[in-house]
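Colleague: If you scroll down you'll find the structure; I have some questions about it.
Derivation of every value follows stated rules applied to the coordinates shown; laboratory data play no part. Model, not experiment: these values are computed from the prediction. For neighbour counting, all protein chains shown are included, and Cβ atoms are generated from backbone atoms with ideal geometry for every residue, glycine included.
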Amino acid sequence: MIPPKPASRPDRVSLWRYWRLFRQDILSAQPERLYHAWMAEFRTPFFRSFLVNQPDLVRRVLSGRPEAFPKSGRVTAGLRPLLGASVFVTNGDLWAHQRRIIDPAFEGGRLRDVFPAMVAAARDTGARLEAGVLDIEALASRATADVIFRTLFSIPITKRIAEDTYRAFRIFQRAQPVATLPALIPGLPVVHRKKTRAAARELRRLIGDLVAARTEEIREGRAPDDLATRIMTTPDPETGATFSSDEMVDQVAIFFLAGHETSAAHLGWTLWCLAAAPEWQERVAEELAGFDPEAGLAGLSALKVTRNVLREVLRLYPPVPMMVREAAEGDVFRKRQVPKGAQIVLSPWHLHRHERIWSEPDAFDPARWEDEATRTARREAFIPFSAGPRVCPGAGFAMAEATVLLAALLKEWRFEVMDPPVPVAHLTVRARDGIRLRAVAR
Ligand code: HEM
């Protein structure tokens, strides 16, 4: 089965045309050659950027010398009103301090403690489903937001403050253009639209209320043992400092954004691929029928078919399709000078479909994850969660979450395809007109 892939743009276009395409969709704004080139350089009067697909170069940027390739602030500039100084946008000592506090909350043992909250969200999602045509992206978005509220703050999305926060989030996402001109042209001041600023302010106020209530509960010794309590009470092992309330608001904002949009994209594309490949849908449903989420996290490791399907979807539709770094100093890539300040683009989207690395790169084939022949590709060219010190702290969380949500949905429902979705990406890879599937009771 070959799932939908956006058409590429012509090889040569003016900067103006590129900008217009880029605003609509960062995937189809790219030329076809990126699926077979090891590296591509883009030169414009305003910036130079290098997209790297060569595995050892990707490694150098993400893991080998990450300090020489800090995160580029230009790309996340549009998100600043919401994210403040959250771990997603900081660099250097501040970033390291934040990770030392956040990482322990996501470690394997800790994941076991929040697993029942994920299971409860999945159970509710399954129970809400009705037969007929479904807007899968809306369903997935609400389900993964519910998981975040329950694991972070021990509240279901049906609670008023969670509902309000979720709604404010959607307003922010609609108001905020990710492809901003300053992202493309260095030196241009970043101006946030009034609507974006207002939406971010409202959202931060709601998150601030949640953090303030939790601060109080911690002080009174009656706080639930969830992710928020852990993060707010964990001191940095090197400095002893804990997050202030404002810092915590920054971090919660990124947990919502990074943790719910991405997982929703993953679940949505997984359901579409399974509907389009019914034999795999049945194999996953059968495997998950023998899995009892109430028994805890331990059963997950035995679910090989499900894991292979989830990985194959992350390969074809990496929720974060591109990441941008900035060269803090000059370097040489493939005998070419990379000047200080150049933008370095890592593209899971192109790397995962690279024609010189993967066989039949555009085919949905979960069996490839068991095939010895793809071992190198899997190790060197699969980075849906990034790699190196800035690797996604929520990777294990996301895989567990996707599994329990699928288990709850496939238990009683079978999904059938309707019109094929068109992938587009702004921050995450979504479908241009949504994903519609028909749910039929098993
Ligand atoms: C399928 C789901 C997910 C995918 C594919 C994903 C992918 C990624 C990627 C690629 C990055 C690196 C971005 C960059 O360097 O520009 C990242 C960072 C991050 N992710 Fe995830 N993520 C997922 C789920 C989650 C969840 C569930 C959480 C938390 C609850 C989370 C929290 C974060 C945070 C805090 C960062 C910033 C880390 C840093 O910069 O040090 N993610 N994620």
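Colleague: Need one number: convex hull volume per residue for segment 103-164, Cα atoms only, in Å³.
Modeller: Per residue, the Cα convex hull of segment 103-164 comes to 99 Å³.
Colleague: Using modelled backbone amide H atoms (1.01 Å from N, in-plane), which distant-in-sequence or interchain residues come within less than 5 Å of Trp413's amide H?
Modeller: Excluding prolines and chain starts, which carry no amide H, the hits are Arg442.
Colleague: Here is a follow-up. Which aspartates and glutamates have a Cα lying under 16 Å from the Cα of Lys340, excluding residues fewer than 8 positions away in the same chain?
Modeller: Lys340 reaches Glu41, Glu67, Glu326, Glu329, Asp331.
Colleague: Grab the other residues whose beta carbon is less than 14 angstrom from that of Leu21, score K and R as +1, D and E as -1, and report the net.
Modeller: Summing Lys and Arg as +1 and Asp and Glu as -1 gives +3.
Colleague: Arrange the following residues from fewest to most other Cβ atoms within 10 Å of their Cβ: Trp269, Trp95.
Modeller: Trp95, Trp269
Colleague: Give me the percent of DSSP beta bridges within segment 15-441 that run antiparallel, rounded to the nearest 5. Before the final figure, lay out each step's value.
Modeller: Working: 25 of 29 bridges.
In segment 15-441, DSSP labels about 85 percent of beta bridges as antiparallel.
Colleague: How big is the Kirkwood radius of the chain, worked out from every pair of different alpha carbons and given in Å to one decimal?
Modeller: Taking every pair of different Cα atoms in the chain, averaging 1/r and inverting gives 22.6 Å.
Colleague: Please list the equivalent ellipsoid semi-axes of segment 276-401, computed as the square roots of five times the alpha-carbon gyration tensor eigenvalues, in descending order and whole angstrom.
Modeller: Three semi-axes, in Å: 33, 18, 11.
Colleague: For Val391 and Asp225, FRET efficiency with R0 = 30 Å and r from the beta-carbon atoms, rounded to 0.05?
Modeller: FRET efficiency, Asp225 to Val391: 0.75.
Colleague: For segment 11-71, what is the convex hull (Cα atoms) projected area averaged across all directions, in square nanometres?
Modeller: The number I arrive at for segment 11-71 is 4.9 nm².
Colleague: What ranking of Leu15, Leu316, Leu34 emerges when the number of other C-beta atoms within 10 Å of each C-beta is taken as an exposure proxy, fewest first? It would help to have the intermediate numbers written out before the result.
Modeller: Values: Leu15 15, Leu316 23, Leu34 19.
Final ranking by Cβ density, sparse to dense: Leu15, Leu34, Leu316.
Colleague: Do you know the relative contact order of the chain, to the nearest whole percent, from alpha carbon pairs under 8 angstrom that are 6+ apart?
Modeller: Dividing the mean separation by the residue count of the chain yields 27 percent.
Colleague: Per q in 0.19 Å⁻¹, report the Debye log10 I(q)/I(0) for segment 359-439, using one uniform scatterer on each alpha carbon and no solvent.
Modeller: Relative scattering, expressed as log10 I(q)/I(0), comes to -1.35.
Colleague: Mind checking the dipole of the chain: about its Cα centre, +1 per Lys or Arg Cβ, -1 per Asp or Glu Cβ, Debye to the nearest 20?
Modeller: That gives the chain a dipole magnitude of about 1720 debye.
Colleague: In what order do Arg325, Arg315 fall by count of nearby beta-carbon atoms within 10 Å, going from fewest to most?
Modeller: By the 10 Å Cβ count, ascending, the order reads Arg325, Arg315.
Colleague: Give me the distance between the Cα centres of segment 275-340 and segment 387-438, rounded to whole Å.
Modeller: Each part reduced to its Cα centre gives a spacing of 10 Å.
Colleague: Would you give the gap between the C-alpha center of segment 212-274 and the C-alpha center of segment 96-167, rounded to a whole Å?
Modeller: 11
Colleague: Could you compute the net charge surrounding Arg12? Neighbours are other residues with a C-beta less than 14 Å from the C-beta of Arg12; K and R count +1, D and E count -1. Before the final figure, lay out each step's value.
Modeller: On the way: positive: Arg9, Arg17, Arg33, Arg43; negative: Asp11, Glu32, Glu41.
Spelling it out: positives minus negatives among the neighbours equals +1.
Colleague: Please identify, among Leu62, Leu94, Leu21, the residue showing maximal mean-square fluctuation in a Gaussian network model of the chain using a 10 angstrom Cα cutoff.
Modeller: Comparing Leu62, Leu94, Leu21 in a Gaussian network model of the chain, the most mobile one is Leu94.
Colleague: Could you rank the peptides 365-374, 81-90 by their average count of other C-beta atoms within 10 Å per residue, with the highest value first?
Modeller: Values: 365-374: 14.7, 81-90: 21.2.
With the highest mean Cβ count within 10 Å placed first, the list reads 81-90, 365-374.
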